Amino acid sequence: MSSEGMQQSGGAPKSDTRLWIALLIFGAVGIFAGKVWRPGPLAEAYVEVVTETRVLAEAVAPPAAQPALAAPSGSMGANAPLPGASTSEDSSPTRVWVESNDPRFQSGELRRVEGVAPEVWDERSRVDPKKAKEQIATLEGDAERLSEPTDPTGLTQEEFEAREAARITALKAVESTRIVASPRDSIGIWVAALLTLGIFSFLVRDNPFYKVVESILIGVSAAYWMLVAFWSTLVPDLFAKLAPDLVRATMLPGLVESEHPGKDFLLALIPLALGVMLLWRLAPRGAWIAVWPLAVVIGTFAGMRLTASIEADFMAQIAATMKPLVAFTPGSLEGVVDGSVSGAVDGVSYATSAQGFDLGGTLAGVLGVVGVITVLVYFFFSLEHKGLVGKTARVGVWFLMITFGAAFGFTVMGRITLLVGRFDFLFNDWLGLSP
Amino acid sequence: MLQRTIPLLILSASGLVLILSYFSPITETWSEQVVSWFNILAGVAFVLGAGNLLAVNLEKISSKRPGWAYAAITLVSFGAMLVVGLSKWGSVPDAKYPNVHLAGSQDSTQAGYGWAYEYVLSPLTATMFALLAFYVASAAFRAFRAKNLEAILLLGTAFIILLVQIAAGAFLTNWIPEDSFFAFLRAESLKAIVTEVFQTAGMRAILIGIALGTAATSLRLILGIDRSALSKG
């Protein structure tokens with residue numbers, strides 16, 4: 001790769017010796033400290049592996065008794081009825097994937113479909129390295145203990161068989177739980193650590209390491225949002241209406257059959273056409289075609305925001321401001337004496353003692369109303385800010401300054417929290433420096 | 001006509017359907033349909049954005065402009081993420097439909113997409129925002145000067161908020177008895193006063209202003225008074 005290719009048009013500095021030295025020192029010190037402080041590999045990652053097995057089954061009962069496929073109480077969600085996979089008109093029974101040890105096989109409600117291989121896969125979930133090691137030691141100890149046959153001395157035949165059965169069941173459970181090191185996640189931690197350091201390197205100055213990481217961020221981020229839109233919107237809202245059978249067979253097997261597939265298809269052609277028109281913007285000519293779908297987007301957004309902002313912001317904020325200015329402490333249900341208040345709400349009678357004046361609450365209420373009015377006066381530019389209006393607006397500015405100061409404080413704290421999170425990742429997850 | 005009038009009519013019709021649906025249940029299904037189209041178009045907009053990213057970076061590479069190597073890295077990372085995400089590479093099968101590969105979940109790090117999110121996108125975005133902590137602090141140090149009452153109020157409030165959120169805030173004020181007259185000076189009380197009284201009042205007024213501005217702008221667009229949004233083809 002030529003050096004020109006790594007330069008920006010603005011002209012990045014060619015030598016970043018100090019930056020690289022600083023990064024090398026940081027890395028070396030971190031790794032050394034990690035080794036001395038807490039011997040062990042860097043970026044340790046463990047996963048708990050659970051092997052799942054599903055077999056294809058069909059109801060033994062005739063289609064009229066399809067409720068047999070309903071999940072038994074307390075069973076896993078995987079046994080739930082199959083949405084959208086209702087019995088077909090040729091009266092062939094509904095087929096569902098269930099666990100191989102589903103109790104309905106024993107009761108005769110289900111039978112396995114012959115000739116279809118079971119689906120087996122592993123599900124891995126991250127486990128904290130420290131807990132993982134403890135669990136591995138416990139599991140190994142349990143396996144060793146349970147591998148010893150039961151001593152039959154002093155036991156009847158029934159007791160011996162019961163204990164042996166329990167031992168074998170426990171041993172199987174221990175053996176089926178696997179906590180293993182995960183090289184895939186370890187590599188991931190390394191990648192994340194290097195990328196994190198790449199972003200931090202910008203603190204020294206703009207440099208090629210940062211630019212590479214920044215480019216990765218742009219590419220991955222663009223693809224991520226495109227994928228989110230594809231899987232969460234385009235597939236279920238567009239493709240599923242245009243080609244429901246294909247989508248059901250390949251992407252959304254749980255897709256419920258529409259009552260009006262023809263109408264859905266025709267209506268889906270409109271956003272499809274608008275979408276194509278929007279993509280026309282990439283074409284060298286006829287970019288104005290994209291204005292039509294843009295008009296739909298802008299019009300819809302304007303319509304949504306108009307009602308939403310009036311209802312949720314304007315009205316709601318005014319309603320929240322219009323509270324009694326004089327506040328009282330809540331009355332007590334105990335010691336109801338003279339001056340007590342009583343009555344009934346929704347048929348439930350109540351009686352409370354006299355309420356007391358709440359100075360803090362009253363001040364808060366008054367300040368709240370004064371703040372809203374004075375800030376609104378400040379934002380009202382149709383009147384010149386002179387005289388009484390000017391003084392009121394000035395008080396509004398004080399409220400605004402306090403508001404901005406608080407917002408600034410919270411923003412800084414939010415960023416520092418993120419920063420602490422990144423250091424926690426580098427020092428603990430990557431370097432393993434936690435005691 | 002095609003470039004000006006029809007887009008304006010489409011814009012007005014889409015907006016009016018949404019407004020009418022708020023007042024009349026008869027047009028509710030219309031608004032649901034329009035919102036569904038809006039969501040689909042928003043999804044297509046992401047595809048358009050990706051297409052634009054491709055076009056810009058490919059042009060940069062083909063013309064060997066300075067920094068073209070970074071454009072290549074962007075495209076490679078974009079393509080890699082797209083391939084693993086669309087193919088659902090390594091996804092965990094759906095327990096109900098394990099035979100349909102694309103029905104699987106790719107949220108965990110087991111899947112390529114989940115791995116890229118967990119170990120590439122998430123740390124990068126978090127670090128990028130964390131980096132702002134340095135620049136916000138640096139800018140504040142350079143720009144903030146307690147020259148007048150307004151600046152003092154801003155600085156003082158920020159200081160109080162920063163102080164009361166860390167252990168030092170509680171450490172410095174916990175000696176004040178909770179039932180005394182000066183209990184409002186305790187860290188948690190100061191934070192509550194600033195946020196629940198002053199900040200709430202300020203934010204309410206700002207929100208009312210934003211709501212009025214949004215409503216006015218929306219009306220101008222829907223009624224065709226403001227046509228700037230559709231002026232560029």
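No other residue among B:D94, B:D107 is acidic (D, E), within 24 Å of A:L217 (Cα to Cα) and either in contact (Cβ under 8 Å) with a residue 24 or more places away in the chain or more than 7 Å from chain A (Cβ to nearest Cβ) (or both) apart from B:D107.
Yes or no: B:I40 part of a helix (DSSP H, G or I) and over 21 Å from B:G224 (Cα atoms)? Taking the combined requirement at face value, the residue satisfies it. Candidates are the residues of region B:49-58 that are at the interface with chain A (Cβ under 7 Å from one of its Cβ atoms) and hydrophobic (A, V, I, L, M, F, W, C); the one that is nearest to A:I298 (Cα to Cα) is B:A50.
B:I40 passes every criterion in (1) hydrophobic (A, V, I, L, M, F, W, C); (2) more than 7 Å from chain A (Cβ to nearest Cβ); (3) without any contact (Cβ under 8 Å) to a residue 12 or more places away in the chain apart from (2). Among the residues of region A:214-240, the ones that are more than 15 Å from B:L41 (Cα to Cα) and more than 7 Å from chain B (Cβ to nearest Cβ) come to 2 in all. When region A:191-217 is filtered for residues that are buried (at least 20 other Cβ atoms within 10 Å of the Cβ), within 11 Å of B:L124 (Cβ to Cβ) and of a type in the set (A, V, I, L, M, F, W, C), the ones remaining, listed by number, are A:A192, A:L195, A:I199, A:V213, A:I216, A:L217.
Table: residues versus (1) among the β-branched types (V, I, T); (2) on the phi > 0 side of the Ramachandran plot.
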{"residue": "A:G108", "(1), (2)": "no, yes"}
{"residue": "A:V116", "(1), (2)": "yes, no"}
{"residue": "A:V120", "(1), (2)": "yes, no"}
{"residue": "A:E144", "(1), (2)": "no, no"}
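Scanning region A:28-48 for residues that are part of a helix (DSSP H, G or I), surrounded by 14 or more Cβ atoms within 10 Å (Cβ to Cβ) and at pLDDT 75 or above yields nothing.
Okay, residues lined up against (1) within 26 Å of A:A287 (Cα to Cα); (2) facing another protein chain (nearest Cβ under 7 Å):
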site	(1), (2)
B:V47	yes, yes
B:K60	yes, no
B:I73	no, yes
B:F78	yes, yes
B:G85	no, yes
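Filtering region A:243-263 to residues that are part of a helix (DSSP H, G or I) and either surrounded by 15 or more Cβ atoms within 10 Å (Cβ to Cβ) or of a type in the set (V, I, T) (or both) leaves A:P244, A:V247, A:R248, A:T250.
The values are calculated or read from the model by the stated rules, or taken from the named source; none is laboratory data. Since the structure is predicted, the reported quantities are computational estimates derived from the model, not experimental observations. Cβ coordinates were reconstructed from backbone atoms using ideal geometry, including for glycine residues, and neighbour counts include every protein chain displayed.
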